[in-house]
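The values are calculated or read from the model by the stated rules, or taken from the named source; none is laboratory data. Model, not experiment: these values are computed from the prediction. Reconstructed Cβ throughout: ideal geometry from the backbone, glycine too, with neighbour counts over all protein chains shown. Heads up: the accessible areas ignore ligands, DNA and RNA and are worked out on the full protein's heavy atoms, side chains in. Shrake-Rupley method; radii C 1.70, N 1.55, O 1.52, S 1.80 Å.
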Amino acid sequence: MTNRHLFDDIEDAGGQPSFLARLERIAAAHPAAIVLREKDMGEGEYEVLARDVQRICRRHQVPFIAHTFAGVAAHLGADALHLPLPLLRRLRESGAALPAHLGTSCHSLEDVREAERLGCSYLIAGHIYATSCKPGLPPRGLAFLREVTAATELPVYAIGGITPARLREVLAAGAAGGCAMSSLMRGDLWLPENNR
């Protein structure tokens with residue numbers, strides 16, 4: 001899960017080049033997928049960046065998942081599209097064409113049931129652990145993750161404070177995997193050996 005703003009303070013390479021260089025390193029380690037989640041961008045600006053990120057993903061044979069912009073996902077032929085649940089709801093109600101491989105983020109069992117009804121093929125559940133991305137917001141914890149994985153047949157990916165030790169915990173709780181942002185965008189690349 002990307003966040004280019006983690007590179008805003010890097011002066012030597014000017015932000016975006018550093019961001020893309022980091023994504024190149026992450027893709028070379030073969031994660032299950034890269035989700036380009038840059039929610040503050042307009043659609044045109046997002047598509048320009050998405051083209052660069054998709055090229056990196058293709059070079060390393062890593063699935064590219066677009067976020068928020070269904071038109072960009074369709075135009076680029078993204079491997080999947082991740083939508084916030086309220087946006088997914090609106091697009092389904094409008095009859096918009098959406099890809100078969102579709103995901104959303106769930107924060108309750110009600111969200112899980114709605115995501116299933118709306119045709120999702122995977123879910124992201126969180127946030128599981130305390131994280132700097134959600135300051136002051138209590139984590140939902142492993143008990144919540146167990147409830148979600150027990151309530152659906154869909155693959156569930158945990159998000160929020162995921163580290164190598166915690167990845168083992170979320171897998172034991174029934175998750176198909178974990179999503180990382182800050183801990184992979186900066187610092188050591190700790191991706192599990194089976195993803196390399």
Once you have the Cα-Cα distance between Ala28 and Asn3, take 0.36 nm times their residue separation minus that, and quote the gain in nm to one decimal. 7.2 nm
Averaging 1/r across every pair of distinct alpha carbons in region 46-97 and inverting yields a Kirkwood hydrodynamic radius, in angstrom, of 11.5
Cα gyration tensor of region 43-138 diagonalised, 5x eigenvalues square-rooted, in angstrom largest first, produces semi-axes 23, 19, 12
May I ask for the Kirkwood hydrodynamic radius of the chain, worked out over all distinct Cα pairs and given in angstroms to one decimal? 17.2
If I take the Cα coordinates of region 128-196 and project them onto the principal axes, what are the three extents in Å, biggest first? 35, 34, 17
Net charge dipole size for the chain [Lys, Arg +1 and Asp, Glu -1 on Cβ; Debye, nearest 20]: 340
Check each of the GluC sites (Glu not before Pro) in region 132-172 and keep only those in coil by DSSP with at most 12 other C-beta atoms within 10 angstrom; list them in order. Glu153
In whole Å and largest first, what semi-axes does the C-alpha gyration tensor of region 83-169 yield when each eigenvalue is scaled by 5 and square-rooted? 25, 14, 11
Radius ratio Rg over Rh of region 68-111, counting only Cα atoms, Kirkwood formula for Rh: 0.97
In whole Hz, what ³J(HN,Hα) sequence does region 118-132 give by Karplus (6.51, -1.76, 1.60; θ = phi - 60°), x for Gly and Pro? 7, x, 5, 10, 7, 10, 10, 10, x, 7, 7, 10, 4, 8, 5
Residue-normalised accessible area of region 74-196, expressed per residue, 1.4 Å probe, Å²: 50
Send over the per residue convex hull volume for region 7-98, Cα only, as a whole number of Å³. 101
Considering only protein heavy atoms and a 1.4 Å probe, what is the carbon-and-sulfur percentage of the accessible area of the chain? 52
The extension gain from Arg59 to Asp40, computed as 0.36 nm times the residue separation minus the Cα-Cα distance, is 4.2 nm
